[in-house]
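**Student:** Pasting in a structure now, in structure tokens, and then I'll have a few things to ask.
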Amino acid sequence: MCDTQTLAASAEGYIIRCSDCGRIQLCFGIAAVALKSDQLKRLQTHTSEAVLYGAAYSEAPGHRCISVPLNQLMILCLSWQELVALDELLCQAGAMMEVYEMLAKG
Ligand SMILES: [Zn+2]
């Protein structure tokens, strides 16, 4: 039986993780996917890099022109607004994962 922790939640989506089996679910916009923890880490890297280097896209913030790979099969096509919202969600999840790790160590 899965024991679900909420890692992040916003108006745009949420990220939950099972503390038992480690399964992570990302729900964002119209997509909901199961991810492994290394895939979530890679997504965090891709997203923060896109925010760092994609500022030119902020001139047309509603235009879906930014590709962020989720796994080998799926790529999210995001607008600048969505990218920033996803980055915030992932940062929140990263911080919560650190908190849970610290609590687990005692
Ligand atoms: Zn589980």
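**Student:** Across the stretch 49-74, what is the total count of residues that are among the small types (Gly, Ala, Ser), within 17 Å of the chain's Cα centre (by Cα) and loosely packed, with under 15 Cβ neighbours inside 10 Å?
**Tutor:** Number of matching residues: 1.
**Student:** Please go through (1) within 16 Å of the ligand (Cβ to nearest atom); (2) touching a Phe, Trp or Tyr at 6+ places or on another chain (Cβ under 8 Å); (3) modelled with pLDDT under 90 for residue 2 and return the number of the only condition it doesn't satisfy.
**Tutor:** Only one criterion is unmet by residue 2, namely (2).
**Student:** A further question on this structure: Can you name every residue in the stretch 33-63 that is away from the ligand (no atom under 16 Å from the Cβ) and basic (Lys, Arg)?
**Tutor:** The answer is 41, 42.
**Student:** With the structure loaded, tell me whether residue 12 is of a type in the set (Asp, Glu), within 17 Å of residue 90 (Cα to Cα) and away from the ligand (no atom under 15 Å from the Cβ) or whether it fails that test.
**Tutor:** On the way: of a type in the set (Asp, Glu): yes; within 17 Å of residue 90 (Cα to Cα): yes; away from the ligand (no atom under 15 Å from the Cβ): yes.
In short, yes.
**Student:** What are the residues in the stretch 18-32 that are under 22 Å from residue 84 (Cα atoms) and either within 14 Å of the ligand (Cβ to nearest atom) or surrounded by fewer than 17 Cβ atoms within 10 Å (Cβ to Cβ) (or both), if any? Spell out the reasoning first.
**Tutor:** Let us first name the residues in the stretch 18-32 that are under 22 Å from residue 84 (Cα atoms), namely 24-32.
Within the stretch 18-32, 24, 25, 27, 29, 30, 31, 32 qualify.
**Student:** I've got another one for you. Confirm whether residue 77 is within 15 Å of the chain's Cα centre (by Cα), of a type in the set (A, V, I, L, M, F, W, C) and farther than 22 Å from residue 7 by Cα.
**Tutor:** Values: within 15 Å of the chain's Cα centre (by Cα): yes; of a type in the set (A, V, I, L, M, F, W, C): yes; farther than 22 Å from residue 7 by Cα: yes.
Judged against the criteria, residue 77 is a match.
The values are calculated or read from the model by the stated rules, or taken from the named source; none is laboratory data. Being a predicted model, the structure only gives us computed values, none of them experimental. Cβ sites come from the backbone with ideal geometry, for glycine too, and all protein chains shown count toward neighbours.
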